[in-house]
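Just dropping this structure here.
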Amino acid sequence: MSAQVPVHRGPEGLPWAWGEPVPELPVPGPDSIRVATRSVITAASTDRLFLWLCQLRRAPYSYDWIDNLGRRSPRRADPQLCELEVGQSVMTIFTLTSFEPGASLMLRMNSGWPRRAFGDLRLQYRAEALSPQRSRLSVVMWMPPIGRVFGSQRRYLLAWGDLFMMRKQLLVLRELAEHHSAV
């Protein structure tokens, strides 16, 4: 990542922020990057949340009919997917760039068609304890303009589409972390 600059969220609210407020993080790169945040509060432990975050290596856990070619994302966690290494594929179109065991995953959009379609996105998924009975599952997404023509407008539309998809993903992961077991 390049030089760190202060977070600049722009207008609060949709499509840039959904869910509980997320602690501010530095923005990697130039001032033209917008930040989008999504989060849910859950009764699951951070260990259970992280287990399910690692399952993103094999499926998107969103609207499967859209982003998983109609196949249902698995409902039993595979603990072996927690054996992380930088460079692993996540949700097909992302690469794991760093991680904090038990807490967070940093992803970057793959080059080629994914980056041309969605931009050079960077995401951080995080599981953090709020109290002994509550945790927050959050995503911070750094979004540069997409392409040279209408880049800011394309990014704005992507933020709305992402809100629709990631909201579903976080709700599914919360449900699975609270109620489903590992293999």
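The values are calculated or read from the model by the stated rules, or taken from the named source; none is laboratory data. For clarity, every value in this text was computed on a predicted model and none was experimentally measured. Cβ coordinates were reconstructed from backbone atoms using ideal geometry, including for glycine residues, and neighbour counts include every protein chain displayed. Heads up: the accessible areas ignore ligands, DNA and RNA and are worked out on the full protein's heavy atoms, side chains in. Shrake-Rupley method; radii C 1.70, N 1.55, O 1.52, S 1.80 Å.
Looking only at residues in region 23-41 that are modelled with pLDDT under 85 and not in a strand (DSSP E or B), which one is farthest from Gln153 (Cα to Cα)?
Pro23
Quick one: Glu128 ticks every box in (1) over 24 Å from Ser32 (Cβ atoms); (2) buried (at least 21 other Cβ atoms within 10 Å of the Cβ); (3) not hydrophobic (A, V, I, L, M, F, W, C) bar one, so which box is it?
(2)
Let me ask you something else. Does Trp160 meet the test of being open to solvent by less than 70 Å² (accessible area, probe 1.4 Å), aromatic (Phe, Trp, Tyr) and more than 11 Å from Val40 (Cα to Cα)?
On the way: open to solvent by less than 70 Å² (accessible area, probe 1.4 Å): no; aromatic (Phe, Trp, Tyr): yes; more than 11 Å from Val40 (Cα to Cα): yes.
Judged against the criteria, Trp160 is not a match.
When you go through Gly151, Gly147 one by one, which is the residue that is in contact with a Lys or Arg (Cβ under 9 Å, 6 or more places away or on another chain), of a type in the set (Gly, Ala, Ser) and over 17 Å from Phe50 (Cβ atoms)? Full working, then the answer.
Values: Gly151 fails: in contact with a Lys or Arg (Cβ under 9 Å, 6 or more places away or on another chain).
Matching residue, one of Gly151, Gly147: Gly147.
Going by the structure shown, is Leu158 assigned to a helix (DSSP H, G or I), modelled with pLDDT under 90 and not charged (D, E, K, R)?
Taking the combined requirement at face value, the residue satisfies it.
Residue-wise test of (1) in contact (Cβ under 8 Å) with a residue 12 or more places away in the chain; (2) in a strand (DSSP E or B); (3) buried (at least 20 other Cβ atoms within 10 Å of the Cβ).
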residue: Ala59; (1), (2), (3): yes, no, no
residue: Val86; (1), (2), (3): yes, no, no
residue: Ser98; (1), (2), (3): yes, yes, no
residue: Gly102; (1), (2), (3): yes, no, no
residue: Gln124; (1), (2), (3): yes, yes, yes
residue: Ser135; (1), (2), (3): yes, yes, yes
residue: Met141; (1), (2), (3): yes, yes, yes
residue: Val149; (1), (2), (3): no, no, no
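Could I ask something else about it? Looking at (1) part of a loop (DSSP other than H, G, I, E, B); (2) free of Cβ contacts under 8 Å to residues at least 12 places away in the same chain; (3) open to solvent by 60 Å² or more (accessible area, probe 1.4 Å), which is the only condition Gln80 fails?
So the condition that Gln80 fails would be (1).
Exactly one of these conditions fails for Met106: (1) part of a strand (DSSP E or B); (2) open to solvent by 40 Å² or more (accessible area, probe 1.4 Å). Give me its number.
Evaluating Met106 over (1) part of a strand (DSSP E or B); (2) open to solvent by 40 Å² or more (accessible area, probe 1.4 Å) leaves (2) as the failure.
Arg75 - would you say it is modelled with pLDDT of 95 or more, under 30 Å from His180 (Cα atoms) and surrounded by 13 or more Cβ atoms within 10 Å (Cβ to Cβ)?
Taking the combined requirement at face value, the residue does not satisfy it.
Does Met166 fit the bill of being touching a residue at least 24 places away in the same chain (Cβ under 8 Å), open to solvent by less than 20 Å² (accessible area, probe 1.4 Å) and of a type in the set (A, V, I, L, M, F, W, C)?
Taking the combined requirement at face value, the residue satisfies it.
Here is a check on your reading of the model: is Ser131 modelled with pLDDT under 95, within 25 Å of Glu20 (Cβ to Cβ) and hydroxyl-bearing (Ser, Thr, Tyr)? Before you say what the answer is, go through the steps one by one.
On the way: modelled with pLDDT under 95: yes; within 25 Å of Glu20 (Cβ to Cβ): yes; hydroxyl-bearing (Ser, Thr, Tyr): yes.
Considered against the rule, which asks whether it is modelled with pLDDT under 95, within 25 Å of Glu20 (Cβ to Cβ) and hydroxyl-bearing (Ser, Thr, Tyr), Ser131 comes out as yes.
How many residues are in a strand (DSSP E or B) and crowded, with 16+ Cβ neighbours inside 10 Å if we restrict to region 169-183?
0
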